[in-house]
Structure formats: C-alpha cells, structure tokens
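Here it is: the structure, laid out below.
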Amino acid sequence: MRIRLNEDTGADFIKPWQLSEVIDGGGVGVVEESQYENLAKGDFVTFFNWPWQTKAILEGNTLEKVDPRVVDGHLSYFLGAVGTTGLTSLLAIKEQGHITAGSNQTLVVSGAAGACGSLAGQIGRLEGCSKVVGICGTNEKCSILVSELGFDAAINYKKGNVAEQLRKACPSGVDVYFDNVGGVISDTVIRQMNKNSHVILCGQISQYNNDMLHPPPLLPEVESILKTKNITRDRFLLFDYKDKFESGVLQLSQWFKEGKIKVKETVINGLENMGVAFQSMMTGGNIGKQIVRVSE
C-alpha cells in the first residue's frame with residue numbers, strides 16, 4: 001500500500017492510487033444486498049481492493065466468499081493470518097526457503113513483529129527450522145517474539161551492534177533469510193549467510209520512499225557475497241501461486257485451530273482513523289497485522 005502512494009510503483013503488478021479516487025486495500029465485510037447469483041444477504045466476503053468507506057457497491061465476481069467458522073469467528077484473520085498475509089508467509093517459506101526438516105537450518109526474519117514476519121518465523125519452525133531469530137525495532141516486540149511466538153532470539157536493531165548480536169544469536173550462520181525490510185539490515189544479514197543459502201525477498205520497507213526497482217539493487221560488496229556463496233535472492237510474488245491458495249488457507253486455519261500458530265493484531269476503531277493506523281504501521285506502531293475495525 002505504501003508503494004501505491006508513489007507516482008510510479010516500480011512494479012507492473014500494482015498500480016499507484018490516483019488523485020480524487022477512493023483509496024483501497026484488503027477488506028472483509030458482510031453483504032447487505034445482492035444482485036449476484038453466487039452471493040446472498042448475510043454472506044461474508046473479502047476483496048484485495050476494498051475501498052476505504054463504510055458501504056460500497058462492488059462487482060460480485062471480484063469478491064471471495066469466506067466462512068467465519070474457518071477462523072472461529074475472527075473475521076479480521078481473513079486479512080491477515082488466513083488471508084493474503086498468511087499465504088505470503090506460508091508460500092514464500094515453502095517455495096523459496098528450501099527448508100528441510102532435520103537439517104539444522106537457521107532462519108532469520110526481519111520486520112519480525114509485523115504481519116508477515118510474525119507468521120513467517122512460526123511457519124519456518126513448523127516447516128523444520130531448528131533455530132528462528134527475529135529482527136525488530138523495540139524491546140517489547142523482541143519480548144513478544146521470544147515469549148509468545150516461539151522465536152529463539154530477537155534483536156532490536158535500534159539498540160547496539162546488529163552484526164554482533166546476529167553472530168551471537170546465529171553462531172552457525174544463516175541458512176534462510178525472510179527479508180521484509182531491505183537496506184542496511186539486509187546487508188548485515190547477507191554478510192553472515194552460509195553457502196547455498198536462500199533470501200526470501202518479501203518486502204523492502206526501508207526503500208519505499210525511494211524510486212523503486214524490483215528487486216532493488218544491492219551494494220557491489222553484498223552482490224559479490226551472493227555470487228561467491230551461491231545465495232539465491234528472488235522476489236516473491238504471491239499471485240504467482242494462485243493454484244496453492246486453497247490448500248494454503250486450509251493449512252493456516254488448521255494450524256491456528258490447533259494452536260500451532262499464534263496471531264497478533266493491532267486494532268484501531270473507526271474509518272476516520274484509517275490514516276492514523278496507516279501512519280502508525282509505517283513507523284512500527286503495530287505488532288502483527290494492523291487492522292481498522294469499521295463496524296461490529
């Protein structure tokens with residue numbers, strides 16, 4: 001969503017918002033009236049381009065019907081843990097992490113207390129990583145990652161030397177890096193990655209104020225490390241894996257119901273606070289998925 005504020009998103013799969021148009025993003029709601037044969041009053045639906053308004057008239061065939069029982073009534077989870085966020089974490093780990101259970105792999109996640117990162121660490125563990133380390137921006141977030149979400153260690157990048165803390169947390173190096181931030185943090189992690197390891201290029205939030213290329217170029221020194229150590233670094237695009245969405249949602253909802261993944265959300269009430277929520281998210285104010293509740 002941040003990229004869509006730029007005049008050019010730098011990506012062909014996502015378009016910038018236009019002046020005088022209603023801003024949109026992921027949303028979930030209830031059908032109040034329908035002229036579409038596959039949807040009836042009372043059905044719950046979700047949509048990737050939900051307009052920021054309390055009521056909207058939308059094309060029926062763009063909406064996906066969802067069953068609240070899948071998430072034990074937590075409708076907002078369809079925007080996070082059991083929606084595109086959860087699918088991004090799951091499929092990125094599965095398709096680009098190359099995790100093999102029992103092979104003693106170490107996973108590092110940046111932006112680890114955010115919507116994707118908090119799930120990616122837990123999913124990496126379930127897929128077989130023996131050690132999971134998170135990087136985030138406050139001591140509170142570090143504490144939550146370790147005490148509630150099952151991370152082995154967490155590094156506050158705003159406190160102390162990140163490279164030193166990373167060496168201490170990952171004495172055998174890094175095998176899989178789930179990259180949500182880019183920039184200096186990612187350069188630091190890549191310098192400590194092992195041969196034949198893998199970077200999952202999910203997000204580059206530190207770069208979104210710049211003119212973007214996907215993926216953004218690395219420092220020559222870091223690029224050289226990738227080549228010398230045969231480290232893969234390919235951008236992850238969720239919609240390349242549409243055929244795996246249904247099975248992915250089933251897996252995520254099963255893990256949630258079994259208590260194998262814990263879901264964190266930061267909820268703000270009221271459509272009038274959408275801008276407040278967005279700004280807070282962009283400055284690290286959220287733990288887990290940032291949600292705006294428009295109505296009960």
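The values are calculated or read from the model by the stated rules, or taken from the named source; none is laboratory data. Predicted, not measured: the structure shown is a model, and the values here were computed from it. Every residue, glycine as well, gets a Cβ built from its backbone with ideal geometry; the counts of neighbours run over all protein chains shown.
Show the residue pairs that are 6+ apart or on different chains and have beta-carbon atoms under 7 Å apart, the first residue being within segment 162-175 and in the same structural domain as GLY137 (by TED's automatic domain parsing), the second being among the hydrophobic types (A, V, I, L, M, F, W, C) and in a loop (DSSP other than H, G, I, E, B).
none
Give all pairs with beta carbons closer than 6 Å in which a residue from segment 25-41 that is closer than 26 Å to ALA81 by Cα meets a residue that is assigned to a loop (DSSP other than H, G, I, E, B) and among the acidic types (Asp, Glu); count only pairs at least 6 apart in sequence or on separate chains.
Taking only residues 6 or more apart or on different chains, the pairs are VAL31/ASP43.
Among the residues that make up segment 13-22, is at least one of them surrounded by fewer than 16 Cβ atoms within 10 Å (Cβ to Cβ), closer than 23 Å to GLN279 by Cβ and in contact (Cβ under 8 Å) with a residue 24 or more places away in the chain?
The answer is yes, given that some residue of segment 13-22 is surrounded by fewer than 16 Cβ atoms within 10 Å (Cβ to Cβ), closer than 23 Å to GLN279 by Cβ and in contact (Cβ under 8 Å) with a residue 24 or more places away in the chain.
I need the full set of residues from segment 264-281 which are within 16 Å of the chain's Cα centre (by Cα) and more than 21 Å from SER143 (Cα to Cα), in order please.
Residue satisfying the conditions is PHE278 alone.
Separate question: Quick one: which residue in ILE205, ILE268, ILE261, ILE200 is of a type in the set (Val, Ile, Thr), touching a residue at least 60 places away in the same chain (Cβ under 8 Å) and assigned by TED's automatic domain parsing to the domain that holds LEU79?
ILE261
Write out, first by first residue and then by second, each pair whose Cβ atoms fall under 7 Å of each other, whose residues are 6+ apart or on separate chains, and whose first residue, in segment 112-141, is farther than 20 Å from ILE205 by Cα while the second is part of a helix (DSSP H, G or I) and small (Gly, Ala, Ser).
Listed by first residue and then by second, the contacts come to ILE123/SER89; VAL132/GLY121; VAL132/GLY124.
Name every residue in segment 263-296 that is touching a Gly at 6+ places or on another chain (Cβ under 8 Å) and of a type in the set (D, E, K, R), in order of residue number.
Those that are touching a Gly at 6+ places or on another chain (Cβ under 8 Å) and of a type in the set (D, E, K, R): LYS264, GLU265, LYS289, ARG293.
So which of VAL31, VAL70 ends up being aliphatic (A, V, I, L, M) and over 26 Å from the mean Cα position of the chain (by Cα)?
VAL31
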